[in-house]
Amino acid sequence: MIYDSMNDCYTNLNSNILDSIKDTDTDTLFRQLENIQEPTLVTGVGGSSVVATFMAKVLSEKNHIIATYVSPRDIKYMDLSGYKNIISVSYSGRNIGVDVSFDNDLHHYLFTGNKKEGIDCLLYKMNEEVSYVSISATMVPLSLLFLYYCNDIKLLKDIISSDIETDSRNKNYQVIYGYENRCAAVLLESSFNESGMASCILSDKYNYCHGRLNLSRTDNYDLIYFNSFKDIDEMMISQLPSHFNSMIIIDKKYDDPVINDYYCSYLSMILIIKIALNHHYDISDMKELEDNDLFYLFNKEM
């Protein structure tokens, strides 16, 4: 497969976001989202798991419903009786994860860039991007969900003008996060690990307090820390630097947990790209391993 270069994906990111907002029938999309008023599962894999995580939060906070992120395979094993809807997130709409998500009696929705017949599609438009680690294909649907939540295009434009710099080029990262930046943490984990650029471990802030400091003994980690200016953050920021090679702090800017998560997610995407540039590593075309398609194209029983 011929991939776009990471530099092109990075350069085109903001224009792709704004073009998608202009080209998508947002009135229809937002009306469809507003009509989801019963307990809902949201599922996605890879880069789509980032979008699904954010979508579950948006539906929970905006529609005031029970909305839960799950992996596609979970659906085969869990009790679905408490839920009425399932939303599968997939830009292509074509993978076994989508098929598994719809192999049940729930009401099915597909959040996608490609219409699928016979399914209620929550459809958006975006410029084509061919990238192993989804860049626009992650941030475009996140941006549309953000606009559904707050309907503030000026705020969105302010956020996507944000930037972050780093000289980090480690091969091991820990990320400490909370509810108000969960999507951003999932984005970092997915991007680091799927690209093979570095290994990444996620820890909730309070969960980290229960023994996870011991992880710093095993490898030379850099820490990415989401700071919400609480007592736990003050303690961690004062104590953790001696346990890590370096520490990247992303400060909370917005009190609203959905708006702040979008802001942190955008900065996290830029951070991933900046670290890749430090490594001279192209996460869009990273010369994947020969056996990758054996796993990626798996379509049998899960």
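A crude spin-label estimate for the pair TYR179 and MET1, with each label 7 Å from Cα along the Cβ direction, gives 3.6 nm.
Here the simple spin-label model places points 7 Å from the Cα toward Cβ, and for TYR281 and LEU213 these points are separated by 2.9 nm. Accessible area per residue for segment 226-278, computed on protein heavy atoms with a 1.4 Å probe, is 40 Å².
Obtain the radius of gyration and the Kirkwood radius of the chain from its C-alpha atoms and give Rg over Rh.
The Rg/Rh ratio comes out at 0.95.
With the helix formula -39500 (n - 2.57) applied to DSSP H stretches of n ≥ 4, the chain reaches a computed 222 nm mean residue ellipticity of -13000 deg cm²/dmol. The accessible area of ARG212, taken with all protein chains in place and a 1.4 Å probe, comes to roughly 80 Å². Carbon and sulfur atoms: what percent of the 1.4 Å accessible area of the chain do they account for? So the carbon and sulfur contribution to the accessible surface is 47 percent. Packing around the peptides 55-62, 233-240, taken as the average count of other Cβ atoms within 10 Å per residue, puts them in this order, highest first: 55-62, 233-240. Which FRET efficiency value, to the nearest 0.05, do you get for SER81 and GLU34 by plugging their Cβ-Cβ distance into 1/(1 + (r/R0)^6) with R0 = 22 Å? For SER81 and GLU34, the calculated efficiency is 0.30.
Positive contributions from Lys and Arg (+1) and negative ones from Asp and Glu (-1), summed over other residues with Cβ under 15 Å from the Cβ of ARG182, come out at -3. Full extension of the segment from ASN114 to ASN220, taken as 0.36 nm per residue of separation minus the current Cα-Cα distance, would add 33.9 nm. Computed from Cα positions, the angle between helix 182-195 and the longest principal axis of the chain comes to roughly 80 degrees.
Between helix 257-279 and the chain there is an angle of about 60 degrees, using the helix long axis and the longest principal axis of the Cα atoms. For the chain, the relative contact order works out to 21 percent when only alpha carbon pairs closer than 8 Å and six or more residues apart are counted. Between the helical axis of 136-150 and the longest alpha-carbon principal axis of the chain there is an angle of about 80 degrees. Distance between the pseudo-spin-label points of ASN227 and ASN193 (7 Å out from Cα toward the beta carbon): 2.8 nm. For the pair ASN14 and VAL130, a Förster radius of 22 Å applied to the C-beta separation gives a FRET efficiency near 0.75, rounded to the nearest 0.05.
Rounded to the nearest 0.05, the FRET efficiency derived from the C-beta distance between GLU234 and ASP152 at R0 = 41 Å is 0.85.
Compared with the direct C-alpha span, the chain from ASP74 to GLU301 gains 80.5 nm at full extension, assuming 0.36 nm per residue.
Can you give the translational diffusion coefficient of segment 1-121 in µm²/s, computed by Stokes-Einstein from the Kirkwood radius over Cα pairs at 25 °C and 0.890 mPa s?
Translational D for this selection: 160 µm²/s.
The values are calculated or read from the model by the stated rules, or taken from the named source; none is laboratory data. Quick caveat: nothing in here was measured; it's all calculated off a predicted structure. In this analysis, Cβ positions are derived from the backbone assuming ideal geometry, glycine residues included, and neighbour counts consider all displayed protein chains. Keep in mind that these areas ignore ligands, DNA and RNA; they rest on the heavy atoms of the full protein, side chains included. Shrake-Rupley method; radii C 1.70, N 1.55, O 1.52, S 1.80 Å.
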